[in-house]
Structure formats: C-alpha cells, structure tokens
C-alpha cells in the first residue's frame with residue numbers, strides 16, 4: 001500500500017514535469033511562429049509597411065510607459081511622498097538605455113539635474129539631506145543609460161552647460177555629472193565639441209558659461225575625475 005502511494009506520487013510529479021515541459025515547448029513554438037510571421041511580413045511587399053508601423057507603434061508605447069515611470073518617480077521625490085519604490089525606476093532607466101531610446105534623453109537628464117526643494121520652496125542642499133540619497137541612487141544608472149544612447153545626448157548636455165551654474169554644492173555636483181557624461185560619450189573629442197559650441201555661440205552669457213565649463217572640464221580631466 002505504501003509502495004503504491006509512493007508510486008502514485010512519483011507519477012503525479014512526472015506528469016507535472018511533463019506538462020511543464022510541454023507548456024515550455026508550446027511557448028517556444030509560439031515565439032518562433034511570431035518571429036516567422038514578423039519576418040514574412042517584413043519580406044512581403046504588401047505587408048512590409050504595415051509591419052514596420054506596428055513595430056514602431058509598439059516601441060513608442062513602451063518608451064512612453066517607461067518615461068512615465070520616471071516622471072512619476074520625480075514627482076514623488078519632489079512631493080516627498082513616503083515609501084517610494086525605486087526598482088521600477090531603475091529597471092525603466094536600464095531598459096531605456098538598452099533600447100537606446102532617444103525620446104528619453106531629456107527625461108533622463110532632467111531626473112538628475114532637477115532642483116530638489118524644501119517645503120518652503122527653497123533649493124535643498126544635496127549634501128545635507130535625504131534628497132542626496134535619492135539623487136545619488138539614480139545618478140550612475142542614468143549616466144550609463146545616456147552613455148548607451150550615445151551621440152544624440154550630446155546637444156542636450158552642451159545646452160545644459162550653457163546655463164550658468166550657481167555656487168551651491170547641488171549645482172556643482174550636477175555640473176560634474178553633465179561634463180563626465182559628455183566625456184563618456186565623446187571621449188577625447190568632448191573638449192573639441194565644447195570649443196566648437198563656444199565658437200558658434202553668439203550669446204555673451206552663454207559663451208561665458210561654456211568657457212567656464214571648458215576650464216572645469218580640463219581641470220577635472222587632468223585630475224583623473226573621468227577615469228572609465
């Protein structure tokens with residue numbers, strides 16, 4: 001009787017394993033069938049444009065959803081909502097970098113450089129409050145994603161460096177983030193890009209800001225601040 005019970009349990013377990021394997025095979029076959037369908041549509045003259053449009057639309061919806069997660073997180077930080085979950089944020093940033101989503105460039109940069117403010121509306125000093133932890137937590141992963149996106153990020157970074165940074169630590173940290181990200185993308189061509197932007201800029205104040213950024217860039221580069 002005991003042997004019969006053990007045999008029954010073993011048979012049930014084997015059945016479950018077999019069912020699991022069958023489901024996996026079906027899932028794999030469905031994926032292969034979907035892949036073959038997409039390939040066939042892209043090769044077909046009558047279906048190619050429709051399939052391309054469908055792929056683009058799916059990508060657009062996915063990017064919008066990921067960017068929305070970033071926007072929601074930023075609003076939570078600004079409004080100091082408790083129990084902020086960071087995993088969806090970091091996962092979204094990683095995905096946006098992986099798929100090189102150009103549409104996400106400004107939201108990613110804004111997530112790092114926006115001003116944290118205290119309840120009275122004043123700018124918060126990042127070094128002395130919990131706001132710094134919220135900023136530091138996302139800074140490196142944003143930098144990696146922007147670096148993965150690459151060249152399309154450069155104009156936005158240069159435009160930021162045209163803005164006059166204040167003497168606060170907050171702006172200093174963010175300015176360094178912008179310069180280092182530019183270097184990680186452009187490498188030794190980064191200074192050349194800044195000098196070219198300086199030469200082409202006509203606004204006096206922006207020229208001063210770019211000149212200051214170039215000076216800081218060279219100092220940080222010499223000090224090894226941009227080691228990869």
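The values are calculated or read from the model by the stated rules, or taken from the named source; none is laboratory data. These figures come from a predicted structure and were not determined experimentally. Cβ sites come from the backbone with ideal geometry, for glycine too, and all protein chains shown count toward neighbours.
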Do we find a residue being under 17 Å from the mean Cα position of the chain (by Cα) and at pLDDT 70 or above anywhere in region 185-192? yes
For region 212-228, give me the residue count where each residue is touching a residue at least 12 places away in the same chain (Cβ under 8 Å) and loosely packed, with under 14 Cβ neighbours inside 10 Å. 2
Report yes if residue 120 is farther than 25 Å from residue 156 by Cβ and at pLDDT below 90, otherwise no. yes
